[in-house]
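S.K.: Handing you a structure now.
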């Protein structure tokens, strides 16, 4: 149980930090963000990064169900990694459609490239293709650092 807790906490923290940097970087692609007060932009980007962390944990947990192993991250790259990426990408796409549509949470600026017909921003989709491998790798490295090193017998 402790191992599951460690994985979730580390995944959320690393995911938040890396996604926060991305969220700040993509400010010009959202209407009104460039002229927003600094602290307001930080709060908005923090909220988005927290949401990204929640998506990361959801995607990780669903991938764990497919792998039948919550510690699948310790395995070589394989099917759970692909599920993680696809689940995060699908959740992001659904949320982007809802947030720019019926929820009216944000609007894209003229700089945002979008997919034709469904009008999903390419930058948030690119985020969920580039950031998750970095988050998974960083989490795996951190977890390896938490694993006790077996002691060699004196001899």
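We did not get these values from a lab; they are worked out from the coordinates using the rules stated. These numbers were taken from a predicted model, which means no experiment stands behind them. Because the Cβ atoms are built from the backbone with ideal geometry, glycine has one as well, and the counts that use them run over all protein chains shown.
S.K.: If I take R0 = 30 Å and measure r between the Cβ atoms of residue 126 and residue 37 in this structure, what FRET efficiency does the formula 1/(1 + (r/R0)^6) give, to the nearest 0.05? Before the final figure, lay out each step's value.
M.R.: Values: r = 27 Å, r/R0 = 0.90.
The value I calculate is 0.65.
S.K.: Another question, if that's okay. Given the Cα-Cα distance of residue 102 and residue 46 and 0.36 nm per residue of separation, how much length would full extension add, in nm? Could you put the intermediate results ahead of the total?
M.R.: Working: separation 56, 0.36 × 56 = 20.16 nm, distance 2.25 nm.
Length gained, residue 102 through residue 46: 17.9 nm.
S.K.: Further question: Given the peptides 4-14, 103-113, 83-93, arrange them by the average over their residues of other C-beta atoms within 10 Å, most packed first.
M.R.: Numbers: 4-14: 17.1, 103-113: 13.1, 83-93: 19.1.
By packing density, highest mean first, the sequence is 83-93, 4-14, 103-113.
S.K.: Under a plain spin-label model, where a point goes 7 Å from the Cα along Cα-to-Cβ, how far apart in nm are residue 111 and residue 17?
M.R.: It is 2.6 nm.
S.K.: Right, something else. Please give the peptides 117-125, 30-38 ranked by average Cβ packing (other Cβ atoms within 10 Å per residue), highest first, as a rough proxy for protection.
M.R.: Values: 117-125: 16.2, 30-38: 13.2.
Order by mean packing, descending: 117-125, 30-38.
S.K.: Taking neighbour Cβ counts within 10 Å as the exposure measure, how do 72, 25, 128 sort from fewest upward? Intermediate values should be presented prior to the final figure.
M.R.: Details: 72 21, 25 12, 128 24.
Going from least to most buried by this count: 25, 72, 128.
S.K.: Give me the distance in nm between label points sitting 7 Å out from Cα along the Cα-to-Cβ direction at residue 70 and residue 24, one decimal.
M.R.: According to this spin-label approximation, the distance is 3.3 nm.
S.K.: Next question, about the same structure. Report the percentage of all Cα-Cα pairs in region 2-146 whose separation exceeds 23 Å, rounded to a whole percent. It would help to have the intermediate numbers written out before the result.
M.R.: On the way: 3755 of 10440 pairs.
Looking at region 2-146, the distances longer than 23 Å represent 36 percent of pairs.
S.K.: Suppose the chain between residue 90 and residue 77 were pulled fully straight at 0.36 nm per residue; how much longer would it get relative to their current alpha carbon spacing? Don't skip to the end; give the middle numbers.
M.R.: On the way: separation 13, 0.36 × 13 = 4.68 nm, distance 2.00 nm.
Gain in length upon complete extension: 2.7 nm.
S.K.: Right, next: Quick one: helix 122-146 against the long Cα principal axis of the chain, what's the angle to the nearest 10°, folded into 0 to 90?
M.R.: 20
S.K.: Just report the Cα centroid separation between region 1-36 and region 87-122, whole Å.
M.R.: Measuring centre to centre over Cα atoms gives 18 Å.
S.K.: So how far apart, in nm, are the two label points at residue 54 and residue 119 if each is 7 Å from Cα heading toward Cβ?
M.R.: The modelled label-to-label distance comes out at 2.5 nm.
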